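Student: First, the structure itself, so that you have it in front of you.
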Amino acid sequence: MSGPAGMWGGRFAGDADQVFRALNDSLPVDWRMVQHDIRGSVAWARALAGVGIYTDAELTQVVEALGAIAAEAETLGAPPVESGAEDVHTWVEQRLTDRLGDLGRRLHTGRSRNDQVATDLRLWMRDALGSLTGLVSEAAIALADQAETHAATPFPAYTHLQSAQPVTFGHWCLAYVEMLLRDRERLSDAGRRMNECPLGSAALAGTTYPVDREAIARELGFEHPTRNSLDAIASRDHVIEVLGALATLGGNLSRLAEDLSVYTSVEFGLVELDDGVTSGSSLMPQKKNPDSLELIRGMSGLLTGGLVAMLTTVKGLPMSYNKDLQFDKVILFDAFDRASAVLRLAARTMAGLRIDPARGLELAAAGHANATDLADLLVGAGVPFRVAHERVGAVVRYAIGRGSTIDALPDSVLGELLPELQTDAVRALTTDSLLAKRDVFGGTAPSQVAARARETRQRLASGAENP
Ligand code: ARG
């Protein structure tokens, strides 16, 4: 049953052209929603029984047949393109009609594929969001594990990629955990907002059959029915929201990847990746390239592309359904697959990461990273901060001129430049002491980082995995 004859042939004398069908048929893409389509069809069959389209006995037959079709789809695995069905909705209806004849032909009473695709997609997204939030949690757990191990491991921190102040490696890890937890929340939020049932919209204006839309929504696990039939089938802002969350997530992971790829370089030498997520060079025997990081970083471009593609697709679409919307699934499924792959790789990469603590300590102190704390010492001696800043700047300039660090300047120089301070106090501005002093909630003191890492575990465990 290919071409128009099966679904809407009455109006047409000719069959659909192959070049048209090549673009119009969506079965290879929307096949992923086959189980969701069947669940929606079961709920719709029940609704139809409620308004006398099916008797109870007929309903039982339809529900059983749909169950058998669900099993058949499971066995098939790949999209049955040889069926000639235009899309997944057509395939399910075709199979039902093959089995039950007119009982199958009655299922589409008061229903449009517009309602089906809108419903299926929301059902699919609910599952997909559950899986995505789980994967975000796993990546965050890998980071939190590192944070716990390295709550006290000194690590350099930069602004403008210039040495700024020391932090611990755990603190760096937890920065990305915070981002990922917000990403997870954004996905869950989107899931909550889209959890409404479009069935009953009947293409655009609402069905003439007095079906119980509340009951349909409940049966499918939706919060309530959609409140406007035009909006229900025309809108895809829930898809945009998820793509936006994924693009944001991609950007966050991309920054993490960029950091680490800099830190893996010979010049920084701070971290090393596990062999399993790197590659060598076909020419240069010494190379160990951080490909996983580059793949994670590169993927953010594709995820951003998905968001832009969807935003562009809906812009200027007239109310209500238009075939342009069929591409929503191409974009969304692709983004889901890519985001899932990237999250798995990020978790694996983080779990296998090794730190060089000695190099961490060395770079944490490099670039006069204790200058702010020296200014604070002057503040403690009664010097206004602006003045202290100016004077420490001059000390740094002097130290740079001598190729020295501040704390290694001779006593005589320190005494002359900083007469208010004991030389010992200046020499005590070690990285460890600097870290310990940042003992504020959210700061990098090892005790704070350890406490935040522990809390993070609880937040990760308690997070709603299923939006
Ligand atoms: N395959 C279509 C889609 O994904 C289903 C809806 C078709 N509706 C229609 N009026 N042609 O958008």
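Student: Counting other beta carbons within 10 Å of each Cβ, put T278, T349, T456 in order, fewest first.
Tutor: Fewest-to-most ranking of T278, T349, T456: T278, T456, T349.
Student: Sticking with this one: Could you tell me the largest-minus-smallest coordinate of the C-alpha atoms of the chain on each of the three principal axes, in descending order and whole angstroms?
Tutor: Largest to smallest, the principal-axis extents are 101, 52, 38 Å.
Student: Given R₀ = 45 Å, what would the calculated FRET efficiency be for S340 paired with A13, taking r from the Cβ atoms and rounding to 0.05?
Tutor: 0.45
Student: Per residue of region 286-296, what does 6.51 cos²θ - 1.76 cosθ + 1.60 with θ = phi - 60° give for ³J(HN,Hα)? Whole Hz please, x for Gly and Pro, Karplus curve as stated.
Tutor: Coupling constants for region 286-296: 7, 6, 9, 8, x, 4, 4, 5, 5, 5, 5 Hz.
Student: How far, in degrees from 0 to 90, does helix 113-149 lean away from the longest principal axis of the Cα atoms of the chain, to the nearest 10?
Tutor: 20 degrees
Student: Mind listing the long-range amide H neighbours of T153? Cut-off is under 5 Å, sequence gap 5 or more, other chains count too, H placed in the peptide plane at 1.01 Å from N.
Tutor: F169, G170
Student: What angle do you read, to the nearest 10 degrees and between 0 and 90, between the alpha-carbon axis of helix 327-351 and the longest principal axis of the chain?
Tutor: It works out to around 40 degrees.
Student: While we're here: Relative contact order for the chain: what percent, with Cα pairs under 8 Å and sequence separation of 6 or more?
Tutor: Relative contact order of the chain: 19 percent.
Student: Taking the Cα centre of the chain as origin, sum charge times position over the Cβ atoms of Lys and Arg (+1) and Asp and Glu (-1), and report the length of that vector in debye to the nearest 20.
Tutor: About 540 debye.
Student: On to the next question. Provide the per-residue ³J(HN,Hα) series for region 358-366, in order, calculated from phi with Karplus coefficients 6.51, -1.76, 1.60 and θ = phi - 60°, each as a whole number of Hz, with x at glycine and proline positions.
Tutor: Karplus-based 3J(HN,Hα) across region 358-366 equals 5, 5, x, 4, 4, 6, 5, 9, 5 Hz.
Student: While we're looking at this one, here's another question. According to the Cα gyration tensor, what semi-axes, each the square root of 5 times an eigenvalue, does the equivalent ellipsoid of region 54-169 have, listed from largest to smallest in whole Å?
Tutor: 54, 15, 14
Student: Counting only residues 5 or more places away or on other chains, whose amide H sits under 5 Å from the amide H of A428 once H atoms are built in the peptide plane?
Tutor: Here the answer is none, since no amide H 5 or more places off falls under 5 Å of that of A428.
Student: Could you list log10 I(q)/I(0) for region 237-343 at q = 0.12, 0.20, 0.22, 0.24 Å⁻¹, which the Debye formula gives when each Cα is one point scatterer?
Tutor: -0.52, -0.95, -1.07, -1.19
Student: If you scale each eigenvalue of the Cα gyration tensor by 5 and take the root, what three semi-axes come out for region 306-423, rounded to whole angstrom and sorted largest first?
Tutor: Rounded to whole Å, the semi-axes are 58, 22, 11.
Student: While we're here: Checking the cross-link filter: which aspartates and glutamates have an alpha carbon closer than 13 Å to that of K287, excluding same-chain neighbours under 8 positions apart?
Tutor: List returned: E272, D275.
Student: Would you kindly calculate the mean projected area, averaged across all directions, of the convex hull enclosing the Cα atoms of region 19-102, in square nanometres?
Tutor: If I average the Cα hull's projected area over directions, I get 5.7 nm².
Student: Here's something else I'd like to know. I'd like the distance between the alpha-carbon centres of region 269-316 and region 351-393, rounded to an integer number of Å.
Tutor: After rounding, the separation between the Cα centres reads 33 Å.
Student: Sticking with the crude label model, points 7 Å out along Cα→Cβ, report the distance from Y158 to K287 in nm, one decimal please.
Tutor: 2.2 nm
Student: For region 217-230, just list the computed ³J(HN,Hα) in residue order, Karplus coefficients 6.51, -1.76 and 1.60, θ = phi - 60°, integers in Hz, with x standing in for Gly and Pro.
Tutor: Those phi angles translate into 4, 4, 4, 8, x, 8, 5, 6, x, 4, 8, 9, 5, 5 Hz.
Student: May I pose another question? Helix 34-50 against the longest principal axis of the chain: what's the angle in degrees, Cα atoms only, rounded to the nearest 10?
Tutor: 50 degrees
Student: Can I ask one more? Largest first, please: the extent of the C-alpha atoms of region 119-244 along each principal axis, to the nearest Å.
Tutor: Principal-axis extents of region 119-244 (Cα, largest first): 69, 28, 15 Å.
Student: By counting other Cβ atoms within 10 Å of each Cβ, how are K329, K437, K315 ranked from fewest to most?
Tutor: By the 10 Å Cβ count, ascending, the order reads K315, K437, K329.
Rule-based calculations on the coordinates, nothing more; no lab input. The model shown is predicted, which means the values in this text are computed figures rather than measured ones. When we count neighbours, we look across all protein chains shown, and the Cβ atoms used for this are built from the backbone with ideal geometry, even at glycine.
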